[in-house]
Amino acid sequence: MTGQGAVDDADEHLIAEAEKIAVALGRMFPGLCEVVLHDLRDPRHAVRAIENNLSGRQVGDSATELGLARIADPRYPSVVQNYPNRFPDGRPAKSTSIGIRNSAGEYVAALCLNLDVSVLSPVTLALANLVATDTEHPEQPLETLRDRTVRELRQAVEESAAERATTPRSLSREDKKALVRQLHQDGWFDSRDAARTIADLLGVSRATVYNYTK
């Protein structure tokens with residue numbers, strides 16, 4: 001078979017293989033991590049498979065905003081990892097979305113993992129109490145054991161853009177300014193070459209980044 005039929009068959013084979021991964025991952029973390037495979041070829045009925053269903057969605061449901069952003073922009077990041085999310089009933093989640101491209105470089109599917117972090121709260125509280133330190137010595141300066149890495153900074157910028165269903169370079173001027181100010185407030189500019197990294201990610205000059213902090 002040649003032409004479009006062969007392309008369609010190859011895409012279908014790719015998505016079918018991804019479906020095996022979705023099912024296996026979901027069954028590995030029952031009650032904890034929802035795994036959804038989106039078929040981006042049909043955004044109105046994108047949900048191809050959903051394992052360990054925590055969100056109440058069904059096979060055949062439409063694509064999310066992030067899925068639509070991938071369809072609209074082939075330059076959209078292949079992996080958007082560990083971004084904050086929320087289930088319909090309000091439970092907090094940590095999500096990762098992995099875009100799947102065909103041989104032509106087009107996004108045809110996305111594998112999404114949604115971790116229910118609410119069930120981890122009791123464990124988190126116990127660990128927080130276990131590692132708590134003495135705060136009765138305010139005269140001692142705080143230590144920074146290591147610089148934040150470029151990878152962490154890149155992840156922070158990409159997650160912020162993903163919350164707006166877009167890429168860092170596609171953010172509006174006002175959104176870029178708000179993001180830079182938040183990064184400055186959070187202490188990212190204490191890292192070496194942070195301004196250059198942020199400028200490269202947003203597609204602006206370093207001078208613009210510094211202007212946004214004012």
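Below is a table of values for the structure above.
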quantity	calculated
When residues of the range 87-115 are limited to those that are at pLDDT 90 or above and among the charged types (D, E, K, R), the one nearest to Glu19 (Cα to Cα)	Arg101
The range 185-197 residues that are on the phi < 0 side of the Ramachandran plot, paired with ones that are open to solvent by less than 20 Å² (accessible area, probe 1.4 Å) (beta carbon under 6 Å, 6 or more apart)	Trp188/Leu153; Trp188/Ala194; Ala195/Val209; Thr197/Leu153
Test for Ala178: is it on the phi > 0 side of the Ramachandran plot and either assigned to a helix (DSSP H, G or I) or modelled with pLDDT under 80 (or both)	no
Total residues in the range 63-85, condition farther than 26 Å from Ser118 by Cα and free of Cβ contacts under 8 Å to residues at least 40 places away in the same chain	4
Val209 vs. criteria part of a helix (DSSP H, G or I), β-branched (Val, Ile, Thr) and either in contact with a His (Cβ under 6 Å, 6 or more places away or on another chain) or modelled with pLDDT of 80 or more (or both)	yes
Set Ala194, Ala165: member being hydrophobic (A, V, I, L, M, F, W, C) and within 16 Å of the chain's Cα centre (by Cα)	Ala165
Qualifying residue in the range 89-97 (condition: within 16 Å of Phe29 (Cβ to Cβ), open to solvent by 30 Å² or more (accessible area, probe 1.4 Å) and in a strand (DSSP E or B))	yes
Residue in the range 30-49 that is in contact (Cβ under 8 Å) with a residue 60 or more places away in the chain, in a loop (DSSP other than H, G, I, E, B) and under 30 Å from Leu153 (Cα atoms) present	yes
Filtered residues of the range 49-67 (kept if surrounded by fewer than 20 Cβ atoms within 10 Å (Cβ to Cβ) and of a type in the set (Val, Ile, Thr))	Val59
Residue that is nearest to Lys176 (Cα to Cα), among those in the range 144-162 that are modelled with pLDDT under 80 and open to solvent by less than 80 Å² (accessible area, probe 1.4 Å)	Val150
Selection count where residues are more than 18 Å from Tyr107 (Cβ to Cβ) and open to solvent by 60 Å² or more (accessible area, probe 1.4 Å), scope the range 10-23	1
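The values are calculated or read from the model by the stated rules, or taken from the named source; none is laboratory data. Computed from a predicted structure; not experimentally measured. Cβ: placed from backbone, ideal geometry, glycine included. Neighbour counts: every protein chain shown. Protein only, heavy atoms only, side chains kept; ligands, DNA and RNA dropped before computing areas. Shrake-Rupley method; radii C 1.70, N 1.55, O 1.52, S 1.80 Å.
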